[in-house]
Amino acid sequence: MRIWPSSGRDRLAVLSALVAPLALAAVLVPFRGGFPNTDAALALLLVVVAVAANGYRPAGYLAAVSAAVWFDFFLTRPYERFTITRRADIETTILLLVIGVAVTEIAVWGRRQHAAASRRAGYLDGIHAAAQAVASGASPSVLIDQVASQLTRVLSLESCRFQHGAAGLGQPARMAHDGSVTVAHRAWDVEAEGLPQGTDTELLVESGGVFQGRFLMTPSPGARPSLEQRLLAVALADQVGAALATSHPVGQG
């Protein structure tokens, strides 16, 4: 879980989590004798929901704790003390915390789903662009440059270059067409260890069993592309293979 906010949006959420429950509780102080404090708890819960909707987990948790603390201090008897004597107030405070945490987890899940959907849309756009380049008869060199750029983005690479008619030269790691990666013919756990460091990873470009070349990919430190991302890389390489096969097949792999 990220603790320190990395974006302005998340920093604003943390600031709101600290300030908004306190501000609302203070505003309600002059009226606390005129309505049940459960109504005040509902108002504080709305603040927690608003902060949690950002989808940044620490801010949502902080808002829930802040709301519970200031509800106790300002709106439960004895006032202006961190003491709760009534069972109903204790239950209300606990509910503030529990519902705040639950809403935060739902919001985090929704933010992740939205990010995943955006990534998949980007992936489809990349495949579509490559397919369009093949269909329009664009030169293979243009398609290769386009795909190399997409591979760099999708797999978090430092660099990516294409070599015609070379496979295994220099004994690099290899990404297979099922997305798996091997190093010296041994399976490599990308999810746990990331792409192999200190060596390039080659992705062979073929079409109909005819070997055309390879992409040599240098990963950024800590790059851990998912299986979905690696399969996208394979699909992009296949587009290059199809384009090269119609221009100048190289030989059997």
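The values are calculated or read from the model by the stated rules, or taken from the named source; none is laboratory data. Just so we're clear, the structure is a prediction, and the values are computed from it rather than from any experiment. All Cβ positions, even for glycine, are placed from backbone atoms using ideal geometry, and neighbour counts span all protein chains on display. Areas reflect the complete protein model, heavy atoms only, side chains present, ligands, DNA and RNA absent. Shrake-Rupley method; radii C 1.70, N 1.55, O 1.52, S 1.80 Å.
Consider ARG87 carefully, then state whether it is more than 17 Å from VAL29 (Cβ to Cβ) and in contact with a helix residue (DSSP H, G or I) (Cβ under 9 Å, 6 or more places away or on another chain). It would help to see each step written out before you state the result.
Numbers: more than 17 Å from VAL29 (Cβ to Cβ): yes; in contact with a helix residue (DSSP H, G or I) (Cβ under 9 Å, 6 or more places away or on another chain): no.
Here the answer is no, as ARG87 does not meet what is asked.
Mind checking whether some residue in segment 185-193 is of a type in the set (A, V, I, L, M, F, W, C), open to solvent by 30 Å² or more (accessible area, probe 1.4 Å) and assigned to a strand (DSSP E or B)?
Filtering segment 185-193 for residues of a type in the set (A, V, I, L, M, F, W, C) gives 187-188, 190, 192.
From what's left, open to solvent by 30 Å² or more (accessible area, probe 1.4 Å): 187-188, 192.
Among the residues that remain, those that are also assigned to a strand (DSSP E or B) are: 187-188.
Yes.
Looking only at residues that are without any contact (Cβ under 8 Å) to a residue 24 or more places away in the chain and among the aliphatic types (A, V, I, L, M) in segment 25-42, which one is least open to solvent (accessible area, probe 1.4 Å)?
VAL27
I need a count of the residues in segment 74-93 that are assigned to a helix (DSSP H, G or I), surrounded by 18 or more Cβ atoms within 10 Å (Cβ to Cβ) and in contact with a Ser or Thr (Cβ under 9 Å, 6 or more places away or on another chain).
Of the residues in segment 74-93, the ones assigned to a helix (DSSP H, G or I) are 74-75, 87-93.
From the residues that got through so far, the ones that are surrounded by 18 or more Cβ atoms within 10 Å (Cβ to Cβ) too are 74-75, 89, 92-93.
With the extra rule that they be in contact with a Ser or Thr (Cβ under 9 Å, 6 or more places away or on another chain), the set shrinks to 89, 92-93.
Total satisfying the criteria: 3.
Yes or no: LEU45 open to solvent by less than 50 Å² (accessible area, probe 1.4 Å), more than 32 Å from the chain's Cα centre (by Cα) and either within 30 Å of HIS114 (Cβ to Cβ) or at pLDDT 95 or above (or both)? Spell out the reasoning first.
Numbers: open to solvent by less than 50 Å² (accessible area, probe 1.4 Å): yes; more than 32 Å from the chain's Cα centre (by Cα): no; either within 30 Å of HIS114 (Cβ to Cβ) or at pLDDT 95 or above (or both): yes.
Answer is no for this residue.
Would a scan of segment 130-138 turn up a residue that is at pLDDT 95 or above and not in a loop (DSSP other than H, G, I, E, B)?
Restricting attention to segment 130-138, the residues satisfying the condition of being at pLDDT 95 or above are none.
Checking segment 130-138: not a single residue is at pLDDT 95 or above and not in a loop (DSSP other than H, G, I, E, B).
Just give me the residues in segment 52-73 being open to solvent by 20 Å² or more (accessible area, probe 1.4 Å) and hydrophobic (A, V, I, L, M, F, W, C), in sequence order.
ALA53, LEU62, VAL65, VAL69, TRP70, PHE73
Note down all Cβ pairs under 8 Å where the first residue falls in segment 203-220 and is under 10 Å from ALA245 (Cβ atoms), the second is open to solvent by 10 Å² or more (accessible area, probe 1.4 Å) and acidic (Asp, Glu), and they're at least six residues apart or on different chains.
Close Cβ pairs (under 8 Å, with a partner that is open to solvent by 10 Å² or more (accessible area, probe 1.4 Å) and acidic (Asp, Glu)) amount to VAL205/ASP238; GLU206/ASP238; SER207/ASP238; GLN212/GLU206.
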